[in-house]
Amino acid sequence: MKKLTLATLALACATAQANPIETTIVTATRTQQTIDTTLAPVTVIDREEIERSQARDVLELLSTTTSVTITRNGGAGAASSVLVRGNASSHTLVLIDGQRVGSATLGTTNLSMLEPEQIERIEIVRGPRSSLYGSDAIGGVIQIFTRKGSLNGGISPLIKAGYGNKNTSKAVVGLSAGDDAAYANLMVTHFDTQGIDNLESDAGLNGDDDAYRTSGLSLRSGAKVGIADLGLSYQRTESENEYDSAFSPNALLYSHSVIESVSAEANLQLLENWVSTLRLGKSKDDSLNLNDLNPATRTSFTTRRDSALWQNDLHLGDHIVSVGGEYYDEFVDSTTNYTEDERINKAGFAQLQSDFGAHDLAVGARHEDNEQFGAFKTWTASYGADLSESTRLILSKGTGFKAPTFNQLYFPGFGNPNFVPEESENTEVEVRYHRDSYGLSLAAFENDVENLIQYNPATFTTDQISKAEIRGAELTSFVRVNEWLLNANLTVLRPLDKATDNDIRRRARRSATISADRQLERYSYGIQVRAQGRSYEDAANNQDLSGFALVDLRGSYQFTSSVWVQLSLKNLFDRNYETARGFNNEGLTSMLTLVYEPK
């Protein structure tokens, strides 16, 4: 059996599992593998860590992980971007239970609409994965797994209610049942806040608070029938978000949005060493923009994606051969006229994973046929070597590509139909070191992106630069001391537009998170500090976005094995800061939550 790696030991410290080495991930290779055997840089946020963090949304969860920064155009529910290793938000593929989600017009996924209570775990893979997933995976892949709930053979309820400042409330009701043969989990969530004034300018009607509310429904079920392991996932979230606009200061603007995804999967054990997987899915991203003072100005953007996957995994001794095909069709339906409103993607991929004892190898390739842009070939190769009982070296190289979004191509006055797909080449080296109660991982990488598409605030349009070079290093560490768990990560980036040698806009060169949590028999408490260095709002690097540091406190007390209370204080010192010029961010926020969940 492989030696423990940093990721495995981090899970051992963060969870109470009896044997954490058995924890598996699937996103890095599209096959199940234990965390200690992966050759990819992966962060796993499990259910216990989600509870401990008391995060208000998924963006807050992601913002504390290695090499992930978030920009927000205001408070809760505002437009936001997730930047992995300094790559564009549209360069990170988002999956929900294996289903590709997000807007085909924007190229991003509104992760602020998903409630942490719906999530079992999140797997974040950094670096290109286009050899497995095709377009959108230049910077990495974020896969969200919804909750299965209790599998102890009984029926388990979940009731959660919270209240905080800014007239913020949260309610969650769930019911789960199941065992090893079949399971089902149903959950309903609601979040409501008075919000903050998102825009710094108070011109016209922009000086009011911008409220946000969202309601969600998630269902996940599965059963084992003969040789088949069947699964069904359904998730729907609706939100209503008030927002301000510097271009329409005398309007009362708000949006109504829906994110919906459904997927059905069958894993067939055809032979002892052959597993065949079939998955069919559909996702929708719907946005309706309205003005209370002028209902006739409403605009709508709806994108749908139909997808199918067939994958075969053959286990041959210490080798795994994976071969598959994937299809997805994207549609746009909008009040805005797009020159093209549909495109089909077809792909085939293959991967080999080999275990040679102290050495491991993983190579993969994918051929993508995009209806608009033709064929693209991508590949990935990774090699791992155990240098000692405690140290492991990993070398990786891979390519990626990203097809332009419908907005980048066809939105009137904004897009350019002559844009070509973005292409990348990434090289990295990682060293992992561990002992029984502490460990660290140090990685260095360079990602060269050609034909990078970016928004130009000077012209309010998009442009395509010839080449971007993103060099960086990331450090992740943990220490376990008695009841204390200490975690820290640091990322240093050099995100350059090679044509000008200026920093790419809104990319912070430094970011770090440090946390300390103590778990006792009935209560726990912790502190977290998240810091981010200076970045620039414009491509010319004339407008600074100042660095900042935020302090969070959290604690909980358990009355019984089924009832406990949580308290969180975010941005304890009410720090004013910007991640996007002209937009406010949340000051001090507090939340007191009562939870009932029989164990």
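The values are calculated or read from the model by the stated rules, or taken from the named source; none is laboratory data. Only a predicted model underlies this, so the values are computations on that prediction, with no experimental measurement involved. Using ideal geometry, Cβ is built from the backbone for each residue, glycine included, and neighbour counts are taken over all protein chains shown. We work out accessible area using only protein heavy atoms, side chains counted, and drop any ligands, DNA or RNA first. Shrake-Rupley method; radii C 1.70, N 1.55, O 1.52, S 1.80 Å.
From the cross-link list 346/402; 170/282; 377/498; 284/402; 284/599, which pairs have alpha carbons spaced over 23 Å apart?
Cα-Cα > 23 Å for 170/282; 377/498; 284/599; rest within.
For every helix of n ≥ 4 consecutive DSSP H residues, a contribution of -39,500 (n - 2.57) applies; sum these over the chain, divide by its total residues, and give [θ] at 222 nm rounded to the nearest 500 deg cm²/dmol.
-1000 deg cm²/dmol
Given the options 516, 259, 582, identify the residue whose Cα lies farthest towards the positive end of the charge dipole of the chain (+1 on Cβ of Lys, Arg; -1 on Cβ of Asp, Glu).
Towards the positive end, the residue furthest out is 516.
Please state the charge dipole magnitude for the range 515-567, taken about the Cα centre, from unit charges on C-beta atoms (+1 on K and R, -1 on D and E), reported in debye and rounded to the nearest 20.
So the dipole magnitude of the range 515-567 works out to roughly 300 debye.
How high is the relative contact order of the range 475-594, in percent, with contacts defined as C-alpha pairs under 8 Å that are six or more residues apart?
In percent, rounded to a whole number, it is 17.
Distance between Cα centroids, the range 360-401 to the range 130-200: provide it in whole Å.
31
If I model a spin label as a point 7 Å beyond the Cα along the Cα-Cβ vector, how far apart are those points for residue 577 and residue 310 in nm?
5.0
To the nearest 0.05, how large is the calculated FRET efficiency for residue 278 and residue 202 if R₀ is 41 Å and r is the Cβ-Cβ distance?
0.15
On the protein heavy atoms, probe 1.4 angstrom, tell me the percent of accessible surface of the range 532-599 carried by carbon and sulfur.
Here carbon and sulfur together make up 55 percent of the probe-accessible area.
In nm, what is the difference between 0.36 nm times the number of residues separating residue 155 and residue 427 and their Cα-Cα distance?
93.1 nm
Over the chain, with the other protein chains present, what is the accessible area per residue in square angstrom, probe 1.4 angstrom?
That works out to 41 Å² for each residue.
Cβ neighbours within 10 Å, averaged per peptide: list 186-197, 302-313 in order, most packed at the top.
Ranking, from highest mean packing down: 186-197, 302-313.
Working with all protein chains in place, sort 316, 553 by solvent-accessible area computed with a 1.4 Å probe, largest first.
316, 553
Over 41 Å, how big is the tail of the calculated P(r) for the chain, in percent of all Cα pairs?
Above the 41 Å cut-off, the chain has 20 percent of its Cα pairs.
Largest first, what is the accessible-area ranking of 359, 434 with a 1.4 Å probe?
In descending accessible area the options line up as 359, 434.
Based on the alpha-carbon set only, what is the convex hull volume of the range 269-377 divided per residue, in Å³?
Once divided by residue count, the hull of the range 269-377 is 142 Å³.
Over what distance in Å are the Cα centres of the range 39-69 and the range 481-503 separated?
Cα centroid of the range 39-69 versus Cα centroid of the range 481-503: 15 Å apart.
When only alpha-carbon atoms count, how far does the range 250-331 stretch along each of its three principal axes, as whole angstroms with the largest first?
Its Cα atoms span 68, 20, 16 Å along the three principal axes.
The range 570-584 to the range 300-320: how many Å between their Cα centroids?
The range 570-584 and the range 300-320 have Cα centres spaced 40 Å from each other.
By its C-alpha gyration tensor, with a ≥ b ≥ c as the square roots of the eigenvalues, how is the range 62-216 shaped: rounded for a/c under 1.5, else prolate for a/b larger than b/c, else oblate?
Cα axes put the range 62-216 in the oblate bin.
In square angstrom, rounded to the nearest 10, how much accessible surface does residue 534 have for a 1.4 Å probe?
My reading of the accessible area for residue 534 is about 130 Å².
Rank these by accessible area, largest first, 1.4 Å probe: 39, 280.
The most accessible residue leads, giving 280, 39.
About the Cα centre, and with charges only on the beta carbon of Lys, Arg (+1) and Asp, Glu (-1), how big is the dipole of the chain? Nearest 20 debye, please.
Result for the chain is approximately 1000 debye, rounded to the nearest 20.
Please report the carbon-and-sulfur percent of the accessible area for the range 246-313; probe 1.4 Å, protein heavy atoms only, DNA, RNA and ligands left out.
60
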